[in-house]
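Presented below is the structure to which this report refers.
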Amino acid sequence: MDARVPVIVINGFLGSGKTTLLKSLIKETKEKGLKASVLINEFGKNDTDGQIVSPEINSKDIETIVDGCICCTKKSEVVYSLEKLLRKSPDVIFVESTGVANPEEIVDAFSNREIISKLFLSKMVTMIDAQQLLEQNILLDKKLQNTVETQMIAADLLIVNKIDLIDKTSKPEIITDIRENNERGKIIFTTYSTFDYKYIFESVTNKTKSLTSLFDRDSQHGNLSYTSLATITLPAPNNLNEEKFKSFLLSLHPNLLRAKGYVGLQDKNGLFLLQHVKNNTVFQKVEYHKETYLTFIGIDLDAKQIYEGINSLQNQNS
Ligand SMILES: Nc1nc2c(ncn2[C@@H]2O[C@H](COP(=O)(O)OP(=O)(O)OP(=O)(O)O)[C@@H](O)[C@H]2O)c(=O)[nH]1
């Protein structure tokens, strides 16, 4: 019997809906009577995604690698984290990559001699932000555009998410775009990463694909590095004015690709999870009892401008 544990990698650009999918998949795994383990990789310093999925899974079944990509600077931590997860005897391991990870390099990070006999790559899922795909030219950085393409090339399953934010007549254009990069992957259109998860779980029992063979078909994209992509993390004020803060985030467009964190809002009790992708800003009331913080991810972000902007918002309120 093949005792290798299936790995499902969830790829996709910043804010495309990876954590939303991960949360649903953890729930679905439980409902199937199976045990999930999770490896989450965050580009920023804080484990926001781990915090978001934490109500669904025992903390011992989550490993988090922060402050860099497992496809480059954090490659060496992957084996250690996977070994730790394997000791919990999971039926399946979900890996959520950072939004700027190169899938080819992720597979390489997993192809370590010590773990390759214990795991197999069951599915490479790529989340696509429908709105972002249609406005691809908003990506300032050619390398990031390449990343989006590489994530499409690598996928078995392409989940076009956030279709509530686009004109439905654009679907054929999206399909054409995807097919230019990937001729064979299954394409599913979704909102909030909701679809029939049988397309994920059918592969859990199909132990055919090895980690090393995945990229035999395409290796031309090579190693990408992002010199201008940066994260800035700072403590968050606990009394931000919601509207002024939203305007501040919009003022950082188009350099700001993603912002997230935990904040307190003026005239509102409790703490809020901030989710900002492009021009969409959402504050969700949450139970959160640790230090508040804000993480900004973008291209050529001006740290001084961000620090001063947040400070000035705080001072306006006091
Ligand atoms: N309007 C809309 N929002 C969505 C949809 N799916 C997810 N979101 C929201 O988009 C934001 C980002 O979603 P996440 O699941 O955190 O995205 P992610 O890919 O994990 O983000 P990173 O890990 O930062 O790259 C959250 O506020 C989600 O609630 C959707 O279909 N439509």
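The values are calculated or read from the model by the stated rules, or taken from the named source; none is laboratory data. All of these numbers come straight from a predicted model, not from anything done at the bench. Note that we place each Cβ from the backbone using ideal geometry, even for glycine, and neighbour counts take in every protein chain shown. For accessibility, only protein heavy atoms count, side chains too; no ligands or nucleic acids. Shrake-Rupley method; radii C 1.70, N 1.55, O 1.52, S 1.80 Å.
Both the radius of gyration and Dmax for region 7-102 are 12.2, 36 Å, in that order, over alpha-carbon atoms. Kirkwood radius for region 52-139, taken over all pairs of different Cα atoms as the inverse mean of 1/r, rounds to 14.7 Å. Evaluated with a Cβ-only charge set (Lys, Arg +1; Asp, Glu -1), the chain carries a dipole of roughly 640 debye about its Cα centre, given to the nearest 20.
In this structure the chain gives 44 Å² per residue of accessible area when probed at 1.4 Å with all protein chains present. Note on exposure: H253, H276 ranked by accessible area (1.4 Å probe, complete protein assembly) read H253, H276, with the most exposed listed first. Taking the average, over residues, of other Cβ atoms within 10 Å as the packing measure, peptides 243-249, 144-150 rank 144-150, 243-249 from highest down.
Quick one: ranking L134, L85 by accessible area, 1.4 Å probe, largest first, what do you get?
Details: L134 55, L85 0 Å².
The most accessible residue leads, giving L134, L85.
If eta is 1.306 mPa s and T is 10 °C, what Stokes-Einstein diffusion coefficient results for region 229-317, Kirkwood Rh from Cα pairs, in µm²/s? The diffusion coefficient I find is 123 µm²/s.
Of C69, P90, L265, which is farthest along the charge dipole of the chain in the positive direction, counting Lys and Arg as +1 and Asp and Glu as -1 at C-beta? After comparing all options, I get P90.
At R0 = 35 Å, how high is the FRET efficiency between N315 and K285 if r is their beta carbon distance? Nearest 0.05 is fine.
Details: r = 25 Å, r/R0 = 0.72.
Step by step, r from the Cβ atoms, then E = 0.90.
Mean silhouette area of the chain, derived from the convex hull of its C-alpha atoms and averaged over all directions, reads 16.1 nm².
Qualifying GluC sites (Glu not before Pro) in region 259-318, where qualification requires a DSSP coil assignment and no more than 16 other C-beta atoms within 10 Å, comprise E287, E291.
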